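Each reported figure results from applying straightforward, stated rules to the coordinates on display, with no laboratory input. In this text, all values refer to a predicted model and were calculated from it rather than measured experimentally. All Cβ positions, glycine included, derive from the backbone under ideal geometry; neighbour counts span all protein chains shown.
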Number of protein chains: 2
Amino acid sequence: MNDPAKPAPVTLNAREMANLLPDERLRSQFLFILEVEALKQVLRRTPLLDGSRRENDAEHSWQLALMAMVLAEHADEAVDLPRVLKMLLIHDIVEIDAGDTFIYDAAALTDQEAREKIAADRIFGLLPADQAEELRALWDEFEARETAEARFARAIDRLQPLLHNFFTGGGTWHTPGVTSVDVTARKSPIGASSASLWEAAQAIIAEGVARGYLKPGE
Amino acid sequence: MNDPAKPAPVTLNAREMANLLPDERLRSQFLFILEVEALKQVLRRTPLLDGSRRENDAEHSWQLALMAMVLAEHADEAVDLPRVLKMLLIHDIVEIDAGDTFIYDAAALTDQEAREKIAADRIFGLLPADQAEELRALWDEFEARETAEARFARAIDRLQPLLHNFFTGGGTWHTPGVTSVDVTARKSPIGASSASLWEAAQAIIAEGVARGYLKPGE
């Protein structure tokens, strides 16, 4: 017998779900919500600020949305903050299927786009059609980086690990072969959205080199 | 010597921070962002859906914001979704200082409000004054439950653990002394915002009793 106090996943078949939640639209919404909860299990390379463990995509997404709320005034082009928030809340959901692709792993980056598009089809497709379309469009917009909102969301997504790497003495900057030239190149999307955040990012990279957290590039 | 590959917290004193980030406003914003990252360390009682561990406040906040995006149409009074999202992103930040108060712990609930207000003063107070005021007002609004947005945010905050308890075979419902009567009472804020979500919640509670995940009340 299972210990009732020990949590264990309960799976309902389609008929049981339909009995429990007869409204098809609400049921689709709940199935999507239950499915994407798995984002809490997708680990990123970035360490928590106390260095105790790696962060997961769900808590990362929360942090980015909060950062966007606080830092929106630094976007060079005015942004529609609600749109940025929605984008950041869903931007990593594809990683439930496609996994987190490490930014300094060139091989994995080559088929990242294809893997993530298949994931987006499946996961957003769990929602009622109108909502699937809306969230997919937000994700496509984030990926395309053609709007001020997408560029700002991307800038925040690049700024956060920079802060974490610096404030944990290097973090993923210690990846063999990585230098300040690579980091500056990877972080340049910050500059595409915000001059003031890019200035701060460059100061942090320089201080990281000065403190020996990051190898200088040539 | 420390292993450079092992992340460890780096603390800058006030002068070092001022040298790194000379702009006072941006520096305050970064200090707030770095401080609230600790929300990833505040554990809640609710298990993940796979039962592997308890969730933390940061990933919980992400999940609630995403749920609000998907379920907003179920609010009986139309809600300003961006306001709901912002509220949910900051609603648990006070728990960095005050801790998570277990909903079935009557003793801890008595001084929860006082502890959380002190935490809100300190944590939101890290921000530039205008932003401190804006986020504090959002948190006060969430706590007061007097607006449609605050009631909907609260409803989502009550619905999420209900789903997790059911889909892990009971979760915190197995707390000694807790019955379906207690759960229904604790979950009633769902009904204060949404008739359709409350109907679903009641069906889930009833099915939880039928399956033996939750003791029936009298």
Relative contact order of segment B:174-218, pairs being alpha-carbon contacts under 8 Å that are 6 or more residues apart, as % | 54 percent
Cα-derived Rg to Rh of the protein assembly as shown, Kirkwood definition | 0.97
Rounded to 10°, Cα long-axis angle of helix A:129-144 versus longest principal axis of chain A | 10 degrees
Cubic angstrom per residue, convex hull over Cα atoms of chain B | 161 Å³
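I need the Kirkwood Rh of segment A:95-189: take the reciprocal of the average 1/r across all distinct C-alpha pairs and report it in angstrom. Provide the component values of the computation, followed by the final result.
Working: mean 1/r = 0.0662 Å⁻¹.
It is 15.1 Å.
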Cα gyration tensor category, rounded, prolate or oblate, for segment A:76-124 with a/c compared to 1.5 | oblate
Tell me what chain B gives for mean residue ellipticity at 222 nm when only DSSP H runs of n ≥ 4 count, each as -39,500 (n - 2.57), the sum divided by the residue total, rounded to 500 deg cm²/dmol.
-> -18500 deg cm²/dmol
Within segment B:58-87, what residues put their amide N at less than 11 Å from the label point 7 Å along the Cα-to-Cβ vector of A:D23?
-> B:71-76
Enumerate by residue number the GluC sites (Glu not before Pro) in segment A:138-201 meeting two conditions: DSSP loop (anything except H, G, I, E, B), and at most 16 other Cβ atoms within 10 Å of the site's Cβ.
-> A:E146
For segment A:92-149, the Rg and Dmax computed from alpha carbons only, in angstrom = 12.2, 36
Rounded to two decimals, the Rg over Rh value of segment A:51-107 from Cα coordinates and the Kirkwood Rh reads 1.04
Could you tell me whether segment A:22-73 comes out rounded, prolate or oblate from its Cα gyration tensor? Rule is a ≥ b ≥ c as square roots of the eigenvalues, rounded for a/c under 1.5, then prolate if a/b exceeds b/c, otherwise oblate.
-> oblate
In segment B:68-127, GluC sites (Glu not before Pro) in a DSSP loop with at most 13 other beta-carbon atoms within 10 Å | B:E77
Put the label 7 Å from Cα along Cα→Cβ for B:A106; what are its distances to the other copies, in nanometres, shortest first?
-> 6.6
Starting at the first residue of segment A:173-185, write each ³J(HN,Hα) from the Karplus equation 6.51 cos²θ - 1.76 cosθ + 1.60 with θ = phi - 60°, in whole Hz, x for Gly and Pro.
-> 4, 7, 4, x, x, 7, 10, 4, 5, 4, 4, 4, 5
What pairs from B:K86/B:K117; A:K6/A:K40; A:K40/B:K117; A:K6/B:K86 go past 24 Å between their alpha carbons?
-> A:K40/B:K117; A:K6/B:K86
Env charge @ B:E77, Cβ radius under 11 Å, K,R +1 / D,E -1, value -2
Report, in degrees rounded to the nearest 10, the 0 to 90 angle that the Cα long axis of helix A:195-210 makes with the longest principal axis of chain A.
-> 70 degrees
Based on the Cβ-Cβ distance from A:A78 to B:E218, what FRET efficiency comes out when R0 is 60 Å, to the nearest 0.05?
-> 0.55
Distance (nanometres) between label positions extended 7 Å along Cα→Cβ at B:R145 and B:A108 | 1.9 nm
Euclidean distance of C-alpha centroids, segment A:55-85 and segment A:159-218, integer Å = 19 Å
Give the angle, between 0 and 90 degrees and rounded to the nearest 10, that separates the Cα long axis of helix B:112-124 from the longest principal axis of the Cα atoms of chain B.
-> 30 degrees
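Beyond 21 Å, what percent of the Cα pairs of segment A:1-106 remain? Don't skip to the end; give the middle numbers.
On the way: 3148 of 5565 pairs.
For segment A:1-106, the share of Cα pairs beyond 21 Å comes to 57 percent.
Given a Förster distance of 45 angstrom, what is the FRET efficiency for B:R186 paired with A:D121, based on the Cβ-Cβ distance and rounded to 0.05? Could you put the intermediate results ahead of the total?
Numbers: r = 38 Å, r/R0 = 0.85.
Computed FRET efficiency for B:R186 and A:D121 comes out at 0.70.
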Given the candidates B:G125, B:H164, B:A144, the one whose Cα lies deepest towards the positive end of the charge dipole of segment B:112-166, counting +1 at each Lys or Arg C-beta and -1 at each Asp or Glu C-beta, is B:H164
